[in-house]
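For reference, the structure discussed in these notes is given below.
The values are calculated or read from the model by the stated rules, or taken from the named source; none is laboratory data. Please read these numbers as outputs of a predicted model, since none were measured by experiment. Quick reminder, even Gly has a Cβ in these numbers, built from the backbone with ideal geometry, and neighbours come from all protein chains shown. Only protein heavy atoms, including side chains, enter the accessible area calculation; ligands, DNA and RNA are left aside. Shrake-Rupley method; radii C 1.70, N 1.55, O 1.52, S 1.80 Å.
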Amino acid sequence: MDQVTLRSATDADLPDILEIYNDAVLHTTASYDYEPHTLAMRQAWYAAKVDQGFPIFVAERQGRVVGFSSFGPFRAWAAYQYTVELSIYVAASDRGRGVGKQLMKPLIEAARAMNIHAMVAGIDANNEASLRLHRCFGFQEVAHFPQVGYKFDRWLDLKFLQLLLS
């Protein structure tokens, strides 16, 4: 297997990040969005992360971005300032090859460095690969919301997993 390099994302990575995200939108329940995002939407997402001081990491293989991870505010109210919600997306061609695990490590390190207390992940209840990934890092299921999403002509359950960092 070719080596994966992890690094902070730049705006030049946005087309690849967009392609990975849109594939998840169109073909998986990893995202509960229906419509693909535009490059302008991804640019706004990137600018907001940068402005708020939140990290975005990419995994690169042979000069191609094959995954990305980030976190941001869990909820908007001040009391939630020490809790973040994370996202990890991996290109279809690289799923199951350990890219998600590699992208998780710098997220947790960055959260600790930012004095974050809790990380939360919202995961489709049938996404066993993502559930296993998060559990591997010590995340525990704290909520199961039956039938809160609807995609691909079926109701979807959402699980929240949480990792306490301190």
Task: Proximal lysines relative to LYS49, as straight alpha-carbon distance under 23 Å, when same-chain residues fewer than 8 apart are discounted - done: LYS101, LYS105
Task: GNM result for the chain, Cα springs below 10 Å: residue of ASP33, ASP51, ASP13 fluctuating most strongly - done: ASP51
Open item on the list: Taking θ = phi - 60°, what integer Hz values does the Karplus form 6.51 cos²θ - 1.76 cosθ + 1.60 yield along segment 91-108, in sequence order, with x for Gly and Pro?
Closed with: 4, 3, 5, 10, 5, x, 10, x, 5, x, 4, 5, 6, 6, 4, x, 5, 5
- [ ] Can you tell me the dipole magnitude for segment 89-151 around its Cα centre, using point charges on the Cβ only (Lys, Arg +1; Asp, Glu -1), in Debye to the nearest 20?
- [x] 160
Open item on the list: Looking at the chain only, what percent of DSSP beta bridges run antiparallel? Nearest 5 please.
Closed with: 90
- [ ] Note down the magnitude of the dipole of segment 1-80 about its Cα centre, charges +1 on Lys and Arg C-beta and -1 on Asp and Glu C-beta and zero elsewhere, to the nearest 20 debye.
- [x] 240
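So, counting K/R as plus one and D/E as minus one, what does the shell of residues with Cβ under 15 Å around ARG132 add up to?
+2
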Task: Candidates GLU19, GLU109, GLU141, ranked by Gaussian network fluctuation over the chain, Cα under 10 Å, top entry - done: GLU109
Task: Per-residue HN-Hα couplings for segment 12-23 [Karplus 6.51, -1.76, 1.60; θ = phi - 60°; Hz; x = Gly/Pro] - done: 5, 7, 4, x, 5, 4, 4, 4, 5, 5, 5, 4
Task: Förster radius 25 Å - calculated FRET efficiency between ARG112 and LEU39, Cβ distance, rounded to 0.05 - done: 0.20
- [ ] Putting +1 on Lys and Arg Cβ atoms and -1 on Asp and Glu Cβ atoms, find which of ALA12, ALA47, PRO106 reaches farthest to the positive end of the dipole of segment 1-156.
- [x] PRO106
Open item on the list: At 222 nm, what value in deg cm²/dmol follows for the chain if DSSP H runs of at least 4 each add -39500 (n - 2.57) and the sum is divided by all its residues, to the nearest 500?
Closed with: -10000 deg cm²/dmol
Task: Solvent-accessible area per residue for the chain (1.4 angstrom probe, square angstrom) - done: 54
Task: Spin-label pair THR10/ARG64, simplified geometry with 7 Å Cα→Cβ offset, distance in nm - done: 2.0
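Where the only charges are on Cβ atoms (+1 Lys, Arg; -1 Asp, Glu), what is the dipole of the chain about its Cα centre, to the nearest 20 debye?
Details: 16 positive and 18 negative charges, 95 e Å.
Using only the charged Cβ atoms, the result is roughly 460 debye.
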Open item on the list: If I model a spin label at ARG75 and ARG154 as a point 7 Å from the Cα along the Cα→Cβ vector, what separation in nanometres do I get?
Closed with: 3.0
Task: Counted charge near LYS101, where neighbours are those whose Cβ lies closer than 14 Å (Asp, Glu -1; Lys, Arg +1) - done: +3
Task: Highest-MSF residue in the chain out of MET119, MET104, MET41 [GNM, Cα springs under 10 Å] - done: MET41
Task: Within-15-Å neighbourhood charge of PHE160 [Cβ basis; K, R +1; D, E -1] - done: -1
TODO: Quick one: what are the phi-derived ³J(HN,Hα) couplings along segment 51-56, Karplus 6.51/-1.76/1.60 with θ = phi - 60°, whole Hz, x for glycine and proline?
DONE: 4, 8, x, 8, x, 9
